[in-house]
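Inspection log for the structure reproduced underneath, given as structure tokens.
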Amino acid sequence: MKKTNLLSLLFALATVVVLQAQTDKGTIALGLHNFSPLVGDAGGLLASTNALGIGFTTSKSETNGEESDTKYKTSTIGLSGSAHFFVINNLSAGINLNFLNQKEKENGDDPDEYSVNFFMAGPELRYYIPAGGKMKVFIAGGASFGSASSKFNDEEDDDPTKLSRFGGSAGLAIFPNNHVSIDLGLGYGVFITKDSYDFLGDMVEQKNTNSGITLDVGFTVFLN
């Protein structure tokens, strides 16, 4: 019995050491998460995503009970990649790259197609707290800046929308093996869009601010 207890204790200690080593100073972490920008209208399309950053929808309309022949198919893909370096144990600093593409297309012989692309980049910090077993709690915060461009059929908008995003997240990193974590958390972000356009000869500056809670889902690879 004592031998069994000793082996269990040694195994538990080994697990803690391995998890600690994954977030030790000098480790490189590469992550891929969802990107949900929480923005209503930027670049011409409704560019909000679902919680996972990926969605495929079909929409149709009715007038006085009569269904329209025109249907719209929309696809949205939003991804966030990151590259981090652990400057001290459990604390990493790095850069995040956010990309979103959304397309809306009519059915029919000569369909119209509308699309918008987001690209953003910025700094990010992430801190890990051991939570027992093969888990760690993470806390992250950062900002990103970029632009959104839109296209109607083959005609591209000449005035991209300026984008900025500030926020943070907290959640749980689950380690199924020594080099990969599955990340599940909640984030809060503030998303700002800025547009300028000509209205009857006058330049108009428009700013929209959106904020809210998003689901943070993805995985991270740790390279020692």
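Quick notes
- Relative packing of 203-209, 82-88, which averages over residues the other C-beta atoms within 10 Å, highest first: 82-88, 203-209
- Derived scalar couplings ³J(HN,Hα) [region 164-177; Karplus, 6.51 cos²θ - 1.76 cosθ + 1.60; whole Hz; x for Gly, Pro]: 8, 9, 10, x, x, 8, 8, x, 10, 9, 9, 9, x, 8
- FRET E, pair residue 97, residue 134, Förster distance 25 Å, beta-carbon r, rounded to 0.05: 0.35
- Furthest towards positive pole of dipole, 140, 193, 174, structure part region 116-224, Cβ charges: 174
All of the numbers you see were taken from the coordinates with simple rules; none came from a lab. In this text, all values refer to a predicted model and were calculated from it rather than measured experimentally. Heads up, the Cβs are rebuilt from the backbone with ideal geometry, glycines too, and the neighbour counts pull from every protein chain shown.
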